[in-house]
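The values are calculated or read from the model by the stated rules, or taken from the named source; none is laboratory data. Keep in mind that what you see is a predicted model, and the values were worked out from it rather than measured. Ideal geometry is used to build each Cβ from the backbone, glycine not excepted, and the neighbour counts take in all protein chains shown. Quick note on the areas: whole protein, heavy atoms, side chains included, nothing else; ligands and nucleic acids left out. Shrake-Rupley method; radii C 1.70, N 1.55, O 1.52, S 1.80 Å.
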Amino acid sequence: MPGPTNSLVDVAGLAVGHADDPRLRTGVTVVIAETPVVASCHVMGGAPGTRETDLLAARQTVGAIDAVVLSGGSAFGLDAASGVQAALRARGRGFAVGDVRVPIVPAAVLFDLLDGGPKDWGDDPPWRALGRAAIDAASTRSVPLGSVGAGRGATTADLRGGIGSASVVLDNGVTVAALVAVNAVGTATIGDSGHFWAAPHEIGDEFGGLGLPHPWPADAVRLRLKAAARPGTATTLAVVATDAALTKAECERLAVQAHDGFARALWPAHTPLDGDIVFALATGAHPLAEPLADRVALGIAAVEVVARAIARGVHAARSAPGDALPAWDDLWVEEPTPPPLVL
């Protein structure tokens, strides 16, 4: 079953903040850890834009991070992490080197520069300021979904993308959750329908409750790619978190398996045009009683929450005047049926 908010903040000790610029149609999302958390990552897309991800390999020195940044803006958006890093340093956070502290803030970016909106930021790109604003907006209470933060300018092949999140509480009491910025070169829905590829993982009606289409569309797997698909023009970014106690190497394995959630919810995924990446975080609050079996369960749960979060991000997106693509609810939400007339 999902946690209380069905979002990443169901993992105690994590907060999520968004900031976006409606005029430029871009934004930043930050995940902040109350105290440094063990983390790793795995990249499977062919066109990633990242910062500090090499440091997350199990063989590297730093064992924990302070925050993760997901940003629009392509390579320009990597500057968002500088804004977050500066804000954390002002709070006394960071890896201690003598009397200096260096906050460890890995980041990844998606491409949203062709989704309308001006590109006239001149010599002052907005992402550093958006990073600071996102950290100031961080909350442990809930995670706004859809066209917010890093999802503001996100798209799929045929619909608006956006920020999605989901969680699950396992029988052993461990929570696994995901936060995803969906900006895929492919589709999150099946054929020309509003049914989501992730439908088998849906809990209740968290992304419409439509289930799978029947009959199955004959052209369901026909490729529908972004019209402007070129290297670096897409990318889906995910953060998977758990309150289980994991090592850095175990977090990396969790990130590897969580990528299966992309394949469950997007067609296609991990293309040469995407920069798909999963960050995996472990707060360590719950030691695993049966480490091997529990890690298998964690991996399965990670796949599920990533798939659900992707569908929720597209389902929650909303369109604005001038957007290049419609939102899911522009096409698939029916007008409510009026109640019967009682005489």
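Kindly indicate the residue of segment 274-318 that is open to solvent by 10 Å² or more (accessible area, probe 1.4 Å) and β-branched (Val, Ile, Thr) and also farthest from residue 48 (Cα to Cα) among those meeting that condition.
Keep residues of segment 274-318 that are open to solvent by 10 Å² or more (accessible area, probe 1.4 Å), which gives 283-297, 300, 303-304, 312, 315-316, 318.
Next, only the ones that are β-branched (Val, Ile, Thr) stay: 283, 296, 300, 303.
Values: 283: 26, 296: 28, 300: 25, 303: 21 Å.
The extreme case among them is 296.
Given the structure, is residue 145 closer than 21 Å to residue 244 by Cα and either at pLDDT 95 or above or open to solvent by less than 30 Å² (accessible area, probe 1.4 Å) (or both)?
Details: closer than 21 Å to residue 244 by Cα: no; either at pLDDT 95 or above or open to solvent by less than 30 Å² (accessible area, probe 1.4 Å) (or both): yes.
It is false that residue 145 is closer than 21 Å to residue 244 by Cα and either at pLDDT 95 or above or open to solvent by less than 30 Å² (accessible area, probe 1.4 Å) (or both).
Mind listing just one residue for me: the one in segment 187-218 that is polar (S, T, N, Q) and surrounded by 22 or more Cβ atoms within 10 Å (Cβ to Cβ) and, of those, nearest to residue 236 (Cα to Cα)?
Step one: of segment 187-218, the residues polar (S, T, N, Q) are 187, 189, 193.
Still in the running and surrounded by 22 or more Cβ atoms within 10 Å (Cβ to Cβ): 187, 189.
Details: 187: 12, 189: 15 Å.
The qualifying residue nearest to residue 236 (Cα to Cα) is 187.
Report the residue count in segment 257-273 for those that are open to solvent by 10 Å² or more (accessible area, probe 1.4 Å) and over 15 Å from residue 188 (Cβ atoms).
4
Examine segment 282-291 for a residue that is over 20 Å from residue 108 (Cβ atoms), among the β-branched types (Val, Ile, Thr) and touching a residue at least 24 places away in the same chain (Cβ under 8 Å), and state whether such a residue exists.
Quick first cut of segment 282-291, residues over 20 Å from residue 108 (Cβ atoms) only: 283-291.
Remaining after also requiring among the β-branched types (Val, Ile, Thr): 283.
Add one more test, that the residue is touching a residue at least 24 places away in the same chain (Cβ under 8 Å), and what stays is 283.
Within segment 282-291, one or more residues are over 20 Å from residue 108 (Cβ atoms), among the β-branched types (Val, Ile, Thr) and touching a residue at least 24 places away in the same chain (Cβ under 8 Å).
I'm told residue 115 meets every condition in (1) farther than 24 Å from residue 323 by Cα; (2) charged (D, E, K, R); (3) in a loop (DSSP other than H, G, I, E, B) except one. Can you identify the failing condition by its number?
(1)
If the Cβ limit is 9 Å and pairs must be 6+ apart or interchain, which residue in segment 197-219 that is closer than 17 Å to residue 177 by Cα pairs with which residue that is part of a loop (DSSP other than H, G, I, E, B) and aromatic (Phe, Trp, Tyr)?
Pairs that qualify, where the first residue is closer than 17 Å to residue 177 by Cα and the partner is part of a loop (DSSP other than H, G, I, E, B) and aromatic (Phe, Trp, Tyr), are 198/207.
Say whether the condition of being modelled with pLDDT under 95 and either within 29 Å of residue 73 (Cβ to Cβ) or crowded, with 24+ Cβ neighbours inside 10 Å (or both) is met by at least one residue in segment 234-256.
At the first step, the residues of segment 234-256 found to be modelled with pLDDT under 95 are 234-235.
Those still in the list that are either within 29 Å of residue 73 (Cβ to Cβ) or crowded, with 24+ Cβ neighbours inside 10 Å (or both) too: 234-235.
The answer is yes; a qualifying residue exists.
Select from segment 261-273 the residues that are more than 14 Å from the chain's Cα centre (by Cα) and part of a helix (DSSP H, G or I) and write down the one among them that is farthest from residue 202 (Cα to Cα). Working first, answer last.
Kept after step one, since they are more than 14 Å from the chain's Cα centre (by Cα), are these residues of segment 261-273: 263-264, 267-273.
Narrowing the set further to residues that are part of a helix (DSSP H, G or I) leaves 263-264.
Details: 263: 15, 264: 12 Å.
Looking at the filtered set, the residue picked out is 263.
Pairs, please: C-beta under 7 Å, at least 6 apart or cross-chain, first residue open to solvent by 40 Å² or more (accessible area, probe 1.4 Å) and in segment 84-98, second of a type in the set (Val, Ile, Thr)?
Listed by first residue and then by second, the contacts come to 85/105; 95/62; 95/102; 95/104.
Identify the residue in segment 50-79 that is hydroxyl-bearing (Ser, Thr, Tyr) and open to solvent by 40 Å² or more (accessible area, probe 1.4 Å) and, among all such residues, is modelled with the lowest pLDDT.
As a first pass, look at segment 50-79 and keep what is hydroxyl-bearing (Ser, Thr, Tyr): 50, 53, 61, 71, 74.
If we keep only those that are open to solvent by 40 Å² or more (accessible area, probe 1.4 Å) as well, we get 50, 61.
Numbers: 50: 97, 61: 89.
Step by step, filter segment 50-79, then rank; the result is 61.
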